[in-house]
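Novice: One structure is given below, represented as structure tokens, and several questions about it will come after.
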Amino acid sequence: MTAAEPIRRPPPDFRIGAVVAAEPVTPRLRRVTLAGEALVGFPVPEPAASLRLLLPEPAGLVLPTWTGNEFLLPDGRRPVLRTFTPVAVDPTAGRIAIDVVLHGAGPAADWAAHARPGDPVAVSGPGRGWTPPPGARSFVLGGDESAVPALRQVLAALPADATASVVVEVDHPDARHDLGAPDARIEWLVRPADANRGDALVAAITAHPDAPDTAWWVAGEAATVQRIRVALFRERGVDRARASVRGYWKRGAAGDAD
Ligand SMILES: Cc1cc2nc3c(=O)[nH]c(=O)nc-3n(C[C@H](O)[C@H](O)[C@H](O)COP(=O)(O)OP(=O)(O)OC[C@H]3O[C@@H](n4cnc5c(N)ncnc54)[C@H](O)[C@@H]3O)c2cc1C
């Protein structure tokens, strides 16, 4: 094999489906449910797993080809692919939902805002998720609006005797909603328009004490989670095996930060 030959493992095939429902979870988050025969058998993912969503071209859905390194459309362009957290996966019925943040201008946010039953779409996945580290009982969880669907799943996966402290930084008060975890301590930090993105989340997460049974799960904007990584791992020496700190999107850049 020469250095120029492809080295990346092909991702799972795309499965074509169609939108069957689209409804608001909050004014900032829209749940789009997809269904189709090809979605039957989509594996039930781990909590906070991912899927790749292939958005239609203006002329309709066009499946890309894996070149060995990336997906390309027949005309050589890159397809519009975005990453979301699969929720409400029903492999028997062939149904999957995603909760999409209506953050403003972006193909996926725009697609979700206007999705109608019958719209064609395709998904590939699932990608790796998260399970509680063995022995962890005290959980520090956080993120921004893009992490909320995953946070709900992380909270539901905690051991019954665990305690959880959750911080979510949101751009708008309307993003706050029930995360389905009545025993967790949940703090919603609404970012003032003149505040730097991530400052409140970084401060709240990194102020938490660490103990041998503490585990951390944080996801959100790439620069914000990088600041959290530096504070936890480099400055405080938190054990990386007990922490998942993941970039979900990058400010000013299209596509996700994975
Ligand atoms: C593992 C994983 C799971 C994810 N799960 C979810 C999920 O369940 N729900 C969800 O909504 N997102 C989720 N994301 C994030 C999502 O993939 C990105 O937000 C994606 O960029 C959105 O695509 P877009 O076409 O709307 O915007 P893009 O075309 O990618 O970006 C356009 C512009 O909008 C900005 N932008 C993108 N996302 C946001 C945002 N959330 N808030 C503010 N500005 C933004 C970009 O910086 C850019 O300037 C996940 C990402 C990963 C890696």
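The values are calculated or read from the model by the stated rules, or taken from the named source; none is laboratory data. The structure displayed is predicted, hence computed values, not measured ones. Quick reminder, even Gly has a Cβ in these numbers, built from the backbone with ideal geometry, and neighbours come from all protein chains shown.
Novice: Kindly indicate whether any position in segment 73-83 is free of Cβ contacts under 8 Å to residues at least 12 places away in the same chain, out of contact with any Pro (no Cβ under 6 Å at 6 or more places or on another chain) and on the phi > 0 side of the Ramachandran plot.
Specialist: yes
Novice: Please enumerate the residues belonging to segment 20-65 that are assigned to a strand (DSSP E or B), modelled with pLDDT of 95 or more, more than 16 Å from the ligand (Cβ to nearest atom) and under 16 Å from W111 (Cα atoms). Steps first, answer last, please.
Specialist: Just the residues of segment 20-65 that are assigned to a strand (DSSP E or B), to begin with: 20-26, 29-35, 50-54, 57, 60, 65.
Subsequent filtering for residues that are modelled with pLDDT of 95 or more retains 20-26, 29-35, 50-54.
Subset that is more than 16 Å from the ligand (Cβ to nearest atom): 20-21, 35.
Result: V20, A21.
Novice: Suppose we filter segment 39-88 for residues that are farther than 17 Å from G125 by Cβ, under 23 Å from the mean Cα position of the chain (by Cα) and polar (S, T, N, Q); how many remain?
Specialist: Of the residues in that region, 1 qualify.
This table checks each residue for (1) over 21 Å from D13 (Cβ atoms); (2) not in a loop (DSSP other than H, G, I, E, B).
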| site | (1), (2) |
| --- | --- |
| I96 | no, yes |
| V100 | yes, yes |
| D110 | yes, yes |
| G125 | no, yes |
| P134 | yes, no |
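Novice: Restricting to segment 230-258, and then to whatever is surrounded by fewer than 18 Cβ atoms within 10 Å (Cβ to Cβ) and assigned to a helix (DSSP H, G or I), can you tell me which residue is farthest from the ligand (Cβ to nearest atom)?
Specialist: E235
Novice: So, one more: Give me the pairs: first residue in segment 128-154 and within 19 Å of A241 (Cα to Cα), second residue crowded, with 18+ Cβ neighbours inside 10 Å and of a type in the set (D, E), beta-carbon distance under 7 Å, and six or more apart or on different chains, which are they?
Specialist: none
Novice: I would also like to ask the following. How many residues are surrounded by fewer than 21 Cβ atoms within 10 Å (Cβ to Cβ) and farther than 15 Å from A21 by Cα if we restrict to segment 89-122?
Specialist: Residues in segment 89-122 being surrounded by fewer than 21 Cβ atoms within 10 Å (Cβ to Cβ) and farther than 15 Å from A21 by Cα: 10 in total.
Novice: Looking at segment 132-146, is at least one residue near the ligand (Cβ under 10 Å from one of its atoms), crowded, with 18+ Cβ neighbours inside 10 Å and assigned by TED's automatic domain parsing to the domain that holds A38? Write out each step before concluding.
Specialist: Here is the first cut: in segment 132-146, the residues near the ligand (Cβ under 10 Å from one of its atoms) are 143-146.
Narrowing the set further to residues that are crowded, with 18+ Cβ neighbours inside 10 Å leaves 143-146.
Now restrict to residues that are assigned by TED's automatic domain parsing to the domain that holds A38: none.
Within segment 132-146 (the criterion being near the ligand (Cβ under 10 Å from one of its atoms), crowded, with 18+ Cβ neighbours inside 10 Å and assigned by TED's automatic domain parsing to the domain that holds A38), the answer is no, since none of the residues qualifies.
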